[in-house]
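What follows is a set of notes on a single structure, which appears directly below.
The values are calculated or read from the model by the stated rules, or taken from the named source; none is laboratory data. Keep in mind that what you see is a predicted model, and the values were worked out from it rather than measured. Don't worry about glycine lacking a Cβ; one is built from the backbone with ideal geometry, like all the others, and counts go over all protein chains shown. Just the protein is used for accessible areas: all its heavy atoms, side chains included, with ligands, DNA and RNA removed. Shrake-Rupley method; radii C 1.70, N 1.55, O 1.52, S 1.80 Å.
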Amino acid sequence: MGFAGAMVVAMAVDALLGWPSPLFAWIGHPVTWLGRLIAVVDAAWNRSSDPPAVRRAAGVAGAFVVIALAAALGWVLQSMLALGWIQVVLVGLLAWPLVALRSLHDHVAAVANPLQAGDIAGARVAVSRIVGRDPAVLDEAGIARAAIESLAENASDGVVAPVFWGALFGLPGIFGYKAINTLDSMIGHRTERHEAFGWAAARIDDVANFIPARLTGFLFVLLAPRRSQALSCMTRHARRHRSINAGWPEAAMAGALGVRLSGPRIYHGSVTNEPWLNEGARDPLAADITQGLTIYRRAMLLLAGLLAILAFA
């Protein structure tokens with residue numbers, strides 16, 4: 001339960017400081033370090049001349065190496081720390097960079113602010129930093145939808161999941177999870193290069209996020225102004241999403257705000273027809289991003305409170 005307390009420390013420090021720009025300029029960020037390692041493995045082991053079966057096997061091995069190295073580093077660091085509350089605080093400080101609580105909030109708020117002021121161009125620039133869809137074709141509803149979906153999904157991937165695994169296993173858990181999530185974001189795509197090599201990364205990420213995604217959805221439901229609608233939408237529509245996990249927090253947020261999310265979108269000039277979540281509801285507006293951020297803040301406070309109770313129980 002000491003690890004639960006450490007995650008409260010990590011969340012509190014991140015909420016207060018984020019990851020300061022001077023610190024990033026000086027040493028970068030642990031995720032960028034992981035990214036460089038994954039890029040090296042991808043370049044060395046993902047050979048286009050190999051048959052798909054060999055590339056898939058290489059991807060399994062590559063994912064195992066990256067995750068094992070990250071978890072082993074966490075174990076070594078944790079084993080060097082004194083026991084008791086000193087360990088709780090130090091584990092929390094070392095876990096802090098891997099909890100993207102403030103960064104997510106600030107990136108989504110950066111979309112809401114210009115959109116509420118009627119600055120569509122500024123909102124498009126801001127939303128392009130957090131989603132991959134073509135921002136040039138997005139109107140107010142499209143921008144708001146993209147921001148809210150990113151908020152809901154990344155609340156799970158960027159905050160709840162790392163905190164969940166950190167609370168269970170300490171630094172090996174949160175370091176290992178962050179390696180899994182970064183692998184998926186870099187190579188877990190159905191492209192010609194990564195269809196086979198990234199197969200393991202995508203499947204491992206699905207497993208690692210299975211519980212956290214549903215936990216995030218229920219946190220949103222509990223803090224929603226429309227609890228019954230949020231719960232109904234989540235339980236009925238979550239499985240419509242292309243991801244087995246992302247649909248849970250996104251559908252819960254759609255029901256909580258009374259808006260429709262997902263649906264068709266454009267990536268690199270091509271239309272991707274995704275099913276609607278909360279189909280029949282209205283399109284979201286700038287004010288809905290702000291309300292979504294309010295639900296997010298309250299949900300993260302509730303999560304921290306639950307962890308604190310576990311730590312002191």
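So which of 287, 251, 281, 308 is surrounded by fewer than 20 Cβ atoms within 10 Å (Cβ to Cβ) and within 13 Å of residue 233 (Cα to Cα)? Only one candidate passes the filter, namely 281. Looking only at residues of segment 211-237 that are of a type in the set (A, V, I, L, M, F, W, C), touching a residue at least 24 places away in the same chain (Cβ under 8 Å) and more than 15 Å from residue 292 (Cα to Cα), we find that the one that is surrounded by the fewest Cβ atoms within 10 Å (Cβ to Cβ) is 211. Restricted to helices (runs of 4 or more DSSP H) entirely inside segment 226-313, those with at least 1 residues that are of a type in the set (Val, Ile, Thr) are 227-237, 286-312.
Yes/no per residue for (1) out of contact with any Phe, Trp or Tyr (no Cβ under 7 Å at 6 or more places or on another chain); (2) farther than 17 Å from residue 69 by Cβ; (3) open to solvent by less than 10 Å² (accessible area, probe 1.4 Å):
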residue: 174; (1), (2), (3): no, no, yes
residue: 179; (1), (2), (3): yes, no, yes
residue: 183; (1), (2), (3): yes, no, yes
residue: 188; (1), (2), (3): yes, yes, no
residue: 203; (1), (2), (3): yes, yes, no
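Suppose the filter is of a type in the set (Gly, Ala, Ser) and in a loop (DSSP other than H, G, I, E, B); does residue 161 pass it? Against the criterion (of a type in the set (Gly, Ala, Ser) and in a loop (DSSP other than H, G, I, E, B)), residue 161 does not qualify. Of all the listed residues (203, 190), the sole one being in a helix (DSSP H, G or I) and more than 30 Å from residue 87 (Cα to Cα) is 203. Residue-level check: of (1) at pLDDT 95 or above; (2) under 19 Å from residue 285 (Cβ atoms); (3) in contact with an Asp or Glu (Cβ under 9 Å, 6 or more places away or on another chain); (4) among the aliphatic types (A, V, I, L, M), residue 111 misses just (3). Residue count for segment 254-266 under the criterion of being open to solvent by less than 10 Å² (accessible area, probe 1.4 Å) and either within 18 Å of residue 155 (Cα to Cα) or free of Cβ contacts under 8 Å to residues at least 40 places away in the same chain (or both): the result is 6.
Within segment 88-104, the residues that satisfy the criterion of being buried (at least 18 other Cβ atoms within 10 Å of the Cβ), in a helix (DSSP H, G or I) and touching a Gly at 6+ places or on another chain (Cβ under 9 Å) are 88, 91, 92, 94, 95, 98, 101, 102, 104. As a summary of the residue check, residue 132 satisfies the conditions (1) in a helix (DSSP H, G or I); (2) open to solvent by 30 Å² or more (accessible area, probe 1.4 Å); (3) over 19 Å from residue 293 (Cα atoms) except for the one numbered (1). Of the set (1) part of a helix (DSSP H, G or I); (2) open to solvent by 70 Å² or more (accessible area, probe 1.4 Å); (3) aliphatic (A, V, I, L, M), all apply to residue 83 but (1). Within segment 27-58, the set of residues being in a helix (DSSP H, G or I), surrounded by 13 or more Cβ atoms within 10 Å (Cβ to Cβ) and touching a helix residue (DSSP H, G or I) at 6+ places or on another chain (Cβ under 8 Å) comprises 30, 31, 34, 35, 37, 38, 41, 42, 45, 56, 58. If you go through segment 112-128 and keep only what is in a helix (DSSP H, G or I) and more than 18 Å from residue 265 (Cα to Cα), you end up with 112, 113, 114, 115, 116, 121, 122. When segment 108-118 is limited to residues that are without any contact (Cβ under 8 Å) to a residue 24 or more places away in the chain and open to solvent by 70 Å² or more (accessible area, probe 1.4 Å), the one that is farthest from residue 155 (Cα to Cα) turns out to be 117. For segment 188-227, residues that are among the polar types (S, T, N, Q) and modelled with pLDDT of 95 or more total 2. In the set (1) among the acidic types (Asp, Glu); (2) over 25 Å from residue 160 (Cα atoms); (3) at pLDDT 95 or above, residue 288 fails one condition alone, (2).
Among the residues of segment 146-166, not a single one is touching a Lys or Arg at 6+ places or on another chain (Cβ under 7 Å), open to solvent by 10 Å² or more (accessible area, probe 1.4 Å) and either within 16 Å of residue 292 (Cα to Cα) or not hydroxyl-bearing (Ser, Thr, Tyr) (or both).
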